[in-house]
Amino acid sequence: MKLRKNKTFKLGGVHPDDQKISAGVAITPLPLPKMVTIPVTQHIGAPAKIVVQRGDMVKVGQIIATHEGFVSSNIHASASGRIGVIEEVMDSSGFKHTAISIRVKEMIGKKALIEVKHWLKK
């Protein structure tokens with residue numbers, strides 16, 4: 001590993017050599033999952049208020065829960081599909097929190113790209 005000055009980092013910094021196992025491998029797109037589960041509590045603040053119901057259709061980027069309180073944030077759908085169950089699930093720290101499941105609707109090509117661009121403009 002070399003330490004070197006770089007114009008990007010005015011104070012220097014560590015810039016490891018690109019000797020990773022995947023350094024010479026192309027990025028491979030992954031298929032969409034069949035279901036995504038999105039926790040309503042994603043930070044130290046108040047949980048967001050769920051604004052969707054089981055069976056609702058949502059599009060990628062759509063707000064599925066709104067901020068409630070001083071330290072809170074909106075939660076957006078990471079995939080298009082139909083809302084499945086809204087239930088308590090265990091997080092990585094072992095605590096249970098409310099989460100929204102979305103049964104993903106696979107979209108192909110141009111239709112998916114148009115939908116993503118629509119939500120990015122907002």
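The values are calculated or read from the model by the stated rules, or taken from the named source; none is laboratory data. For clarity, every value in this text was computed on a predicted model and none was experimentally measured. Glycine gets a Cβ as well: all are built from the backbone with ideal geometry, and neighbour counts include every protein chain shown.
Numbers below:
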| item | result |
| --- | --- |
| Count - residues of the range 77-88 that are surrounded by fewer than 15 Cβ atoms within 10 Å (Cβ to Cβ), over 17 Å from Pro33 (Cα atoms) and in contact (Cβ under 8 Å) with a residue 12 or more places away in the chain | 1 |
| Subset of the range 55-76 (residues that are loosely packed, with under 15 Cβ neighbours inside 10 Å, among the β-branched types (Val, Ile, Thr) and under 18 Å from the mean Cα position of the chain (by Cα)) | Thr66 |
| Subset tally (residues that are under 14 Å from Glu87 (Cα atoms) and either of a type in the set (A, V, I, L, M) or part of a strand (DSSP E or B) (or both)) for the range 36-47 | 5 |
| In the range 1-59, residue farthest from Thr98 (Cα to Cα) [restricted to those that are modelled with pLDDT of 80 or more and among the small types (Gly, Ala, Ser)] | Ala26 |
